[in-house]
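These notes concern the structure reproduced below.
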Amino acid sequence: MSNASTVSSPPLDVIVVGAGFAGMAMVRKLAELGFTVRGFERGSDVGGTWYWNRYPGARCDAPSLQYSYQFSEDLQQDWHWQENYAAQPEILAYARHVADRFGLRQLITFNTTVTQAVFDAANVCWSVTLSSGETLFTRYCIMATGNLSDRLTPTIEGLAQFAGQWFHTAAWPVEGVDFAGKRVGVIGTGSSGIQAIPVIAAVADQLSVFQRTAQYSIPARNSRTDPTYEAQIKADYPGFRRRNYGKPLAMDINLKLGTPKTFEVSEDERRERYERAWTEGGLALPFSFRDAATSLEANAAMSQFIRDKIGQVVRDPATAELLKPKHVFGCKRPCLDTGYFESYNRQNVALVDCSGGIDCITAEGVQVAGRVYPLDILVFATGFDAITGSLNRIDIRGCDGLRLKDKWADGPRTYLGLQTAGFPNLFMISGPGSPSVLTNMIPTIEQHVNWIADCLVHLRTAHLTRIEARPEAEDPWVETVRTLAERTLWGACDNWYVGANVPGKPRVFTIYVDWVSYREKCEAVASRAYEGFALA
Ligand code: FAD
Ligand code: NAP
């Protein structure tokens, strides 16, 4: 790599932190472009989310023909997804296949956590410290540490005394957990809990679900991949990908030009559309009208439809009532399920209302409202310190020793979600201020990977060694993210989007909610010689 004459050359061009789908794609791309690159990963293998979340029932909720890489036409032609929504083992097998096929393992060091990254202004490089104690120097540092990778186990008094076994869904043992004949408790009814509960219920002797907040869930209607549909997609995979890039969520969803607003149609037609979407499953329902994300009344009509469905599925009226969510649909990330509400019709499943809090955990089990529920196994499906958690865990120090954690004390500030001012040559993939978790993530991860790679090639070609977001570009970007979010209903309740699930975390909505305009903005910035960045 070329260097400016005034600075010494660090031994590495790039360090990539994390080997989920983001880190893998970044390492591959940069190696192909001739950069010296090394990846570091805390886990013992690639896959990130799909390496850690091996809980029963884990699967994607974006169709696998879309939730997959597009950088290699051969790869996307060769790989056959067995199901529409692949289960975790198949997604992990895919990640491992990619690592082997593209020789990524030799570029990534596993079982290694990056603990610190300090910017060295004199030499325009980052010194990166590893859990092994080793320190490496690199021109650029790319954080591919994941939006949903810093798991949260709530502090509940007494956990240390629990005599049974306990697990977090995001740190599931490789050898699995045998629930047969066991009394099992699950705390949490977000996406992870809702996927795990039906599978655990089918095996366990007794399952107690501790629900603090009822959640909306829509049947995924998963099925084997239809060979005719697969052949049709593969006949022009690049075209399919290109069209999807231009759609909301970077996904082939049913929102078409001309989709009406909720109250533009008669009540009969409204119900008919909802019913059709419910039968279709997946994301059809939230996109059956174009205003469910923006109009409270439209949202309320759809939410009531789901509550009615819960009432029809769940036989015990008191349980059904407790399972009916009250919040605005979508302000907690909605779930797709396979037999979730049906689980509560089983004799061995009990729903425990813990909206008033869990008293404590005893040696015997979980205590709620004075009653102890005896358990052999306790599962925490309690989520993540999302978006910023994995970044803030690393001691990242930029210009003049500024700590990232301190800069972000009132919430993260970035430009395009790719860089933050005061931290030159540090990039984030799916960083705060980008659309990230509100998209079909593998395609949008690749958009970041390509943007960063193009940027580094531009710097190399122009004999430049430093790039940093300008504060005067960052400030309006933060404001844009905030105002766009205000047009949606997603910040309307306590959720992980705004950090409300983490005690003490500043409440800020940090996701750019419009993928299509985001992508166009990124392209415009690059085409205008990286407008908003200072290059040196
Ligand atoms: P991750 O996959 O989280 O990988 C980050 C990696 O960085 C991890 O392996 C972690 O160990 C490593 N790491 C972090 N910090 C350090 C450090 N300091 N040092 C070394 N290594 C570090 N998105 C969708 O679009 N569709 C879905 O259907 C979908 N399903 C999901 C299901 C679950 C259970 C979860 C939790 C998330 C899901 N997501 C889904 C979001 C998912 O996280 C992304 O789709 C994608 O896998 C993220 O890839 P990533 O590489 O950015 O992050
Ligand atoms: P989550 O959505 O944050 O859900 C955590 C659950 O734990 C919530 O029900 C929460 O209740 C509960 N909880 C937390 N602390 C508690 C406490 N002290 N006492 C009682 N209950 C407590 O986490 P997640 O289910 O792991 O999902 C996180 C995100 O990962 C998803 O939103 C999604 O983006 C992604 N994901 C996707 C899939 C998929 O379908 N492909 C699957 C899993 C995860 P409250 O609501 O009251 O806070």
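The values are calculated or read from the model by the stated rules, or taken from the named source; none is laboratory data. Remember, it's a predicted structure, so these values are computed and weren't measured experimentally. Here the Cβ positions follow ideal geometry from the backbone for every residue, glycine too, while neighbour counts run over all protein chains shown. For the accessible areas, the whole protein counts, side chains as well, though only heavy atoms, and no ligand, DNA or RNA atoms are used. Shrake-Rupley method; radii C 1.70, N 1.55, O 1.52, S 1.80 Å.
Rounded to the nearest percent, how much of the accessible area of the range 100-154 (1.4 Å probe, protein heavy atoms only) is carbon and sulfur? The C+S portion of the solvent-accessible surface of the range 100-154 is 50 percent. Applying 1/(1 + (r/R0)^6) with r as the Cβ-Cβ distance of SER355 and ALA462 and R0 = 60 angstrom yields a FRET efficiency of 0.55. Highest mean first, the peptides 84-91, 49-56 sorted by other C-beta atoms within 10 Å per residue fall in the order 49-56, 84-91. Accessible area per residue for the range 267-319, computed on protein heavy atoms with a 1.4 Å probe, is 50 Å². Sorted into 10 angstrom bins from 0, the C-alpha pair distances of the chain split as 4, 18, 28, 27, 17, 6, 1, 0 percent.
The average projected area of the range 405-465, computed from the convex hull of its Cα atoms over all directions, is 4.6 nm². Taking each residue as 0.36 nm, the span from ASP236 to ASP100 lengthens on full extension beyond its C-alpha to C-alpha distance by 46.4 nm. Taking every protein chain into account, the accessible area of the range 345-441 amounts to 33 square angstrom per residue (probe 1.4 Å).
Protection proxy ranking of 241-253, 195-207, 165-177, by the mean of other Cβ atoms within 10 Å over each peptide's residues and highest first, is 195-207, 241-253, 165-177. Rolling a 1.4 Å probe over the heavy atoms of the protein chains gives the range 144-186 an accessible area of 51 Å² per residue. Per-atom-type breakdown for the range 157-198 gives carbon and sulfur 50% of the accessible area (1.4 Å probe, protein chains only). Given their separation in residues at 0.36 nm each and the Cα-Cα distance between them, THR109 and TYR229 gain 39.3 nm when the chain is fully extended. Separation of the alpha carbons by more than 22 angstrom is noted, of LYS324/LYS505; LYS182/LYS324; LYS234/LYS261; LYS309/LYS332; LYS261/LYS324, for LYS324/LYS505; LYS182/LYS324; LYS234/LYS261; LYS261/LYS324.
With a Förster radius of 35 Å applied to the beta-carbon distance between LEU296 and ALA202, the computed FRET efficiency rounds to 0.40. For the chain, the membrane-span-like helices by this rule, meaning whole DSSP H stretches whose C-alpha atoms cover at least 27 Å of axis and whose Kyte-Doolittle mean is -0.5 or above, are 441-461; this says nothing about an actual membrane. Listed as lacking a disulfide-compatible partner in the chain: CYS60, CYS125, CYS141, CYS335, CYS354, CYS360, CYS399, CYS455, CYS522, by the criterion of no other cysteine Cβ under 4.7 Å.
In the chain, taking the dipole from charged Cβ atoms about the Cα centre, the farthest positive-side position among PHE305, ALA500, ALA369 is held by ALA500.
Ranked by the mean number of other Cβ atoms within 10 Å of their residues, highest first, the peptides 370-378, 326-334 fall in the order 326-334, 370-378.
Considering helices alone, the calculated mean residue ellipticity of the chain at 222 nm is -9000 deg cm²/dmol, with DSSP H runs of length four and up weighted by -39500 (n - 2.57) and normalised per residue. Computed over Cα pairs, the Kirkwood radius of the range 27-145 leads via Stokes-Einstein (0.890 mPa s, 25 °C) to a diffusion coefficient of 152 µm² per second. Taking the 1.4 Å solvent-accessible surface of the range 330-456 as the whole, the part contributed by carbon and sulfur is 44%. When restricted to Cα atoms, the range 107-186 yields an Rg and a Dmax of 19.4, 63 Å, respectively.
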